[in-house]
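Encoded as structure tokens, the structure appears first; notes follow it.
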Amino acid sequence: MLVPAIAAAQTPAPTAQAAPERDTGIHGKTTTQDGAVSLPGVIVTVLDRAGATVAEMISGGDGTFGFPTLSPGAYTVRAFLDGFAQAVKQSIIVAGGQWIDVKIDLPIAKINERVDVQASRGVPLEASSPLTAGAGLTLEVGPLKGDNFDALLPALPGILRSQDGHVSIKGATATQSSVQINSTNVTDPSTGNLGFDLPNDAVDSVEVQTNPYAAEYGRFSSGVTVLNTTRGGARWSFVPNGFIPRFYRSKDNWWDILGIRSFRPRLSLGGPIVNDKVFLFNSVLYRYVKTPFPDLPGEQNTKVTELKTFTRVDANVSPRQTLNFTVATFPQQMDRANLGQFNQSLVASNFEQNGFNVTGSQDIVVSDRTLVQSTAAVKRYGVRIAGNGSADMTITPEGNTGNYFNRQERDSTTYQFVTSLTTTRRGKRTGEHLLKFGADLLRVDYTGTSDSSPVNVRRADLTLASRLVFSGPTVQEQNSTEMALVAQDHWRLSDRATAELGSRVDYDGVLERFNFTPRAGGAVSLRGDGSMILRGGMGLFFERTPLNVGAFPSFEARTITDFASDGKTIVGSPVTYVNRLAAGMQTPYSRIWNLEFDQRLNDRVSFKLNRLERAGHREFIVDPTLTPTPAIVLSTTGETRYQETEVSARWTVPGHADTTVSYVFSRDRSDLNTYDLYFGNNRDPLVRPNEYGPAPVDAPHRILIRGGYDLPAKIRFDPLIDLRSGFPLSTLAQDQSYVGGRNQAGRYPTFFSFDFSASRPVKVWKYTATIGVRMFDAFGTFNPRDAWRTLGSPNFGRFANGVPRDFQTFVELGRR
């Protein structure tokens, strides 16, 4: 049942028996309130790396459990008890003759956590089906392109990485999604892009909610990604990793080592400061990475240098009160951030960020049915963007020269306070209700400067087509006070049906508008054993308005002069465009609905069919106009239509193999002059007229195959195959205007990648470890990042800069 009755949970259950030292296995204890209260009667399940159940038991009267005689390997332990949030411990590596101690703490179901309401046979009944992915070890040894949390996301259906490297969830832009660390928002308040992330060891799990009908989630219109952080354990643990560098080799001579390509040393330290009372976890990551572009002359690359730190302290003040404090810092320098065929080293931009995030949380158990949680956070975030000099930027069909045209400095400070009350009610006829009421208050102050150098547009014969001259340096100042009130009911009507009903009211402090967000969802088990489930819902999702929207009129005006074919004769008179906000600006929102059918045929085979539609309204669009006076107008007239049908099948052989095949058919159409494209971090200086057409990430067909296979000699083989339609292309005239329909002049070649990792557990000194190799684009398929699109260019129609094949070895230590 839903009621978190701690006192009532003392029902006797079989107690785990201690096993002889010669055995190999997992034992531990289930608790709640951060270890302050033993929790008996918990269903504890051990799963192997294929996701198959190896063993299951109920924790004893003192919360203890034990699984002796497990085979050496990597396991996941899950724990569930009605009224508590499910707890998961991933990547537990068991070596021969070793007992691993695992402490599992189940928080009372609360407003910032997903609650699993179970049917009588333990089947999850949720209105939405979250996409979950492990972090930490998975990021370091899995076949994932990237080394932070967002590398996990494109390996999930319906999520793509765009041509510029951003992650798109269900066809939306990166600024329309939200990223939370625990319960606080960490996006950049001035642009809406991701502000920062954490060292991998600090991320316990990653959860993607593509259509969360729970009203507790807000300030986004396409999806929210939640990073749950790691806490210190009952024993001290110190783990060093990543101290073996990878070398940068010449593209012409593999044996010619040019330097270090990547070096990512990281340390994690955790344990009890005061036994059973105060726990510490600390993680530090230094990252130095060069990313090559094989078709560029010389050895040109993007270079990233950063130092990320994370500290978490948990304190059990009393059996009914816990405190939590976190501190994160994230300085980063990215040289040649937008490097490519048309922005080579001298004309590429450099990106620098710095800042910190501090949070404090308090949980108070008011009674056995009521929990109050409060979180306060302060975030300081600074950004610097500049080119490699002050020369004019020149745009030509064959590539850009000079230096990047724009220089920005932005600083913002965010104060956030979130509080919630969770309580349960049960009636003989009304079923069980998990009621949540919350408030979220957020204050942001933003200041910045922007300065732009002239931009020249030249034809293929290098004659001048147009020249843009910007007004002098500008200053931006904007602040916003935002508020949200939340009420929702997770209603369990019976063992076979649940409903999610709720609403939230948000105040948009930039546009000064109140927005009402109703949502409703549900799930029904069509069979008593839970083998056939129908779930779905619909709701409204309002975006968070970036502060640079309010600051838009203060950005530089631009004067455009057009020239005849001789490059000298001025056509007409120069026109000066100022920046203007349209009247009646409203907060962008989307309307999302989905219907999902899940069918489990047997213990080995299951299917999923899901239909989702997202309609975006009032999106931020910029458009040049000459009436009544010349201006670049920012309005909320943009529209998006995204439709998706997903068919997935999973086949498992417990303890040996796990294969998931997904096919996604989608259609993505939108207004294309999105605000972030022209006034975000890497700005496009040429604002063409807006058009409605295929979105930049429109990929009608995609097949995704993920697997995990246990081979002889304890080798684990994990492949990932991604096959999809190429992204759409446009054709440009010599003056860089569009020819024909935008994003309707063909596509990039079909994208295909085959990535895999092969790993094996070993013993290294006092540590259990995983060693192995990773191969990316194993077949060497040409997946270009650039295309020549300008008519008259001798290279028109060519593609360049495919992602090169990459081979990595790794030694990944686990906790002692």
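For the reader, a short list of remarks on this structure follows.
- The heavy atoms of ASP506 present about 20 square angstrom of accessible area, all protein chains included, probe 1.4 Å.
- Rolled with a 1.4 Å probe across the full set of protein chains, the surface gives ARG249 an accessible area near 80 Å².
- Estimated distance in nm for a label pair at ARG667 and ARG380, the labels positioned 7 Å out from Cα along Cα-to-Cβ: 5.1
- Amide H to amide H, with H built 1.01 Å from N, LEU526 comes under 5 Å of MET532, ILE533, LEU534, counting only residues 5 or more places away or on other chains.
- Whole-Hz couplings from phi, Karplus 6.51/-1.76/1.60, listed for the range 297-309; x for Gly and Pro: x, x, 10, 8, 7, 8, 10, 10, 10, 7, 9, 10, 10
- Computed [θ] at 222 nm, deg cm²/dmol, the chain (DSSP H ≥ 4; -39,500 (n - 2.57); rounded to nearest 500): -500 deg cm²/dmol
- The packing ranking of peptides 215-224, 153-162, highest mean first, is 215-224, 153-162, where packing means the average number of other beta carbon atoms within 10 angstrom of each residue.
- Residue list for the range 367-411, given a label point 7 angstrom along the Cα-to-Cβ vector of LEU307 and an amide N cut-off under 20 Å: 380-384
- If R0 equals 30 Å, the separation of the Cβ atoms of HIS656 and THR809 corresponds to a calculated FRET efficiency of about 0.75.
- Per-residue HN-Hα couplings for the range 545-555 [Karplus 6.51, -1.76, 1.60; θ = phi - 60°; Hz; x = Gly/Pro]: 6, x, 5, 6, 5, x, 8, 3, x, 8, 6
- Segment ALA315..ARG591, full-extension length gain: 95.2 nm, with 0.36 nm per residue of separation and the alpha-carbon distance subtracted.
- Fraction of accessible area attributable to carbon and sulfur, the range 259-366 (%, probe 1.4 Å): 62
- When all protein chains stay in place and ligands, DNA and RNA are ignored, the 1.4 Å accessible-area order of GLU644, GLU409, largest first, is GLU409, GLU644.
- Ranking by accessible area, most exposed first, for ARG706, ARG380 with a 1.4 Å probe: ARG380, ARG706
- Point-charge dipole on Cβ atoms (K/R +1, D/E -1) for the range 510-554, about Cα centre, debye to 20: 100
- Overall, the accessible surface of the range 462-564 at a probe of 1.4 angstrom is composed of carbon and sulfur to the extent of 61 percent.
- Relative contact order for the range 275-420, counting Cα pairs under 8 Å that sit 6 or more residues apart, in percent: 18
- Distance (nanometres) between label positions extended 7 Å along Cα→Cβ at PHE514 and PHE238: 5.7
The values are calculated or read from the model by the stated rules, or taken from the named source; none is laboratory data. Quick caveat: nothing in here was measured; it's all calculated off a predicted structure. Glycine gets a Cβ as well: all are built from the backbone with ideal geometry, and neighbour counts include every protein chain shown. The area values use the complete protein model at the heavy-atom level, side chains included, leaving out ligands, DNA and RNA. Shrake-Rupley method; radii C 1.70, N 1.55, O 1.52, S 1.80 Å.
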